[in-house]
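Undergrad: One structure coming up, written as structure tokens, with questions to follow.
The values are calculated or read from the model by the stated rules, or taken from the named source; none is laboratory data. Keep in mind it's a predicted model, so treat the numbers as computed, not measured. Backbone-built Cβ (ideal geometry, glycine too); neighbour counts: all protein chains shown. Heavy atoms of the whole protein, side chains included, go into the accessibility calculation; ligands, DNA and RNA do not. Shrake-Rupley method; radii C 1.70, N 1.55, O 1.52, S 1.80 Å.
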Amino acid sequence: MRRYNGSLFLLLVLFGAAGYGLFLLERSAPTPSVFILLPLLLVMTFLNGRKNFLLLIAYTLGLGFFYLVLSWYTDASNAAQLLYIEQHLLASLLIFLYWLLLRHLRSVFEENQYLTERVRTLEGYSETPQLLSYSEFLDRTDFLMAGAKRRNETNYLIHLRLKPAVLNKKSIMQLLTVAGLRVFRAHYDVMSQRNKFEFLIFLQNTDTAGANIACERFLGEVRAQMTSIHYPFEIEVLAVKQSVEATVRHQDEEVVR
């Protein structure tokens with residue numbers, strides 16, 4: 001909000017100074033400084049802050065020298081010299097305000113770009129720490145499966161599917177996530193939500209007995225946090241042979257049948 005107010009204030013001051021400049025032009029003939037200022041502002045729009053600052057200094061000093069020479073060669077009166085000083089100050093103020101506005105807007109743009117990149121990075125994860133998005137979950141499990149095949153290890157998947165009648169799906173998913181983080185090893189067994197109805201836990205390097213024990217421990221943690229008598233979900237322990245995606249799709253086909 002402060003950045004927005006600051007940009008708006010600079011813009012209003014810039015318009016005010018430009019309006020006063022137009023008022024001065026009505027009092028006297030346009031000077032070369034006016035014709036130089038407009039293309040210079042356009043050039044500054046496409047340059048970076050350091051080059052713009054050098055242009056600002058060069059224009060201000062060059063314009064002051066120009067008016068000095070003009071006053072000396074034309075033997076300008078006091079009124080004309082005051083007008084030159086006024087035009088010099090106004091032109092310098094205009095280019096300074098425009099440089100300040102560009103600098104301010106560029107900082108806002110760079111911060112927005114940084115935050116956009118951060119959002120893209122964080123989109124790989126769910127709102128809960130250590131819970132991967134489904135796409136990241138598939139990438140991670142594919143990598144783990146490749147290593148498991150080289151070592152002749154077996155992997156299992158705990159697949160939970162919420163029942164259709166469940167209303168508070170979001171809170172139940174949160175409960176499952178918290179329970180999973182308490183039971184399973186972080187950065188070793190990975191978890192994800194496939195959608196609003198399905199929760200997945202990938203277990204590395206285990207067998208059927210170990211997977212069933214892990215599932216019971218998980219259900220015990222879930223039971224400790226639930227107030228209802230019956231679980232609002234169906235749970236299955238599946239052996240992962242090719243990939244998690246293939247295993248889940250096969251399970252979906254079995255449910256349809």
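Undergrad: When only residues in the stretch 162-182 that are out of contact with any helix residue (DSSP H, G or I) (no Cβ under 8 Å at 6 or more places or on another chain) and of a type outside the set (A, V, I, L, M) count, which is least open to solvent (accessible area, probe 1.4 Å)?
TA: Looking at residues that are out of contact with any helix residue (DSSP H, G or I) (no Cβ under 8 Å at 6 or more places or on another chain) and of a type outside the set (A, V, I, L, M), I get 177.
Undergrad: Does residue 253 satisfy being under 37 Å from the mean Cα position of the chain (by Cα) and part of a helix (DSSP H, G or I)?
TA: no
Here is a yes/no grid of residues against (1) modelled with pLDDT of 75 or more; (2) exposed (fewer than 15 other Cβ atoms within 10 Å of the Cβ); (3) in a helix (DSSP H, G or I):
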site: 12; (1), (2), (3): no, yes, yes
site: 20; (1), (2), (3): no, yes, yes
site: 23; (1), (2), (3): no, yes, yes
site: 30; (1), (2), (3): no, yes, no
site: 52; (1), (2), (3): yes, no, yes
site: 56; (1), (2), (3): yes, no, yes
site: 65; (1), (2), (3): yes, yes, yes
site: 68; (1), (2), (3): yes, yes, yes
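Undergrad: Something else about it: Quick test of your reading of the structure: residue 82 fulfils all but one of (1) closer than 24 Å to residue 104 by Cβ; (2) without any contact (Cβ under 8 Å) to a residue 60 or more places away in the chain. Name the failing condition by number.
TA: (1)
Undergrad: Okay, next question. What number of residues within the stretch 70-83 are open to solvent by 40 Å² or more (accessible area, probe 1.4 Å) and touching a helix residue (DSSP H, G or I) at 6+ places or on another chain (Cβ under 6 Å)?
TA: Matching residues across the stretch 70-83 total 1.
Undergrad: Another question about this same structure. Quick test for you: out of 65, 96, 109, pick the one residue that is closer than 18 Å to residue 36 by Cβ, free of Cβ contacts under 8 Å to residues at least 12 places away in the same chain and not basic (Lys, Arg).
TA: Of the residues listed, the single one that is closer than 18 Å to residue 36 by Cβ, free of Cβ contacts under 8 Å to residues at least 12 places away in the same chain and not basic (Lys, Arg) is 65.
Undergrad: Give the residue that is modelled with the lowest pLDDT, with candidates limited to residues of the stretch 183-196 that are buried (at least 16 other Cβ atoms within 10 Å of the Cβ) and not in a helix (DSSP H, G or I).
TA: Filtering first and then ranking leaves 189.
Undergrad: I need the full set of residues from the stretch 156-182 which are in a helix (DSSP H, G or I) and polar (S, T, N, Q), in order please.
TA: Of everything in the stretch 156-182, those that are in a helix (DSSP H, G or I) and polar (S, T, N, Q) turn out to be 171, 174, 177.
Undergrad: Something else now. Which one of these is among the hydroxyl-bearing types (Ser, Thr, Tyr) and part of a helix (DSSP H, G or I): 206, 247?
TA: Among 206, 247, only 247 is among the hydroxyl-bearing types (Ser, Thr, Tyr) and part of a helix (DSSP H, G or I).
Undergrad: Going through the stretch 200-257 one residue at a time, which ones are at pLDDT 90 or above and among the basic types (Lys, Arg)?
TA: Residue satisfying the conditions is 217 alone.
Undergrad: Right, residue 233: over 34 Å from the mean Cα position of the chain (by Cα) and either open to solvent by less than 50 Å² (accessible area, probe 1.4 Å) or under 21 Å from residue 133 (Cβ atoms) (or both) or not?
TA: So residue 233 fits the description; yes.
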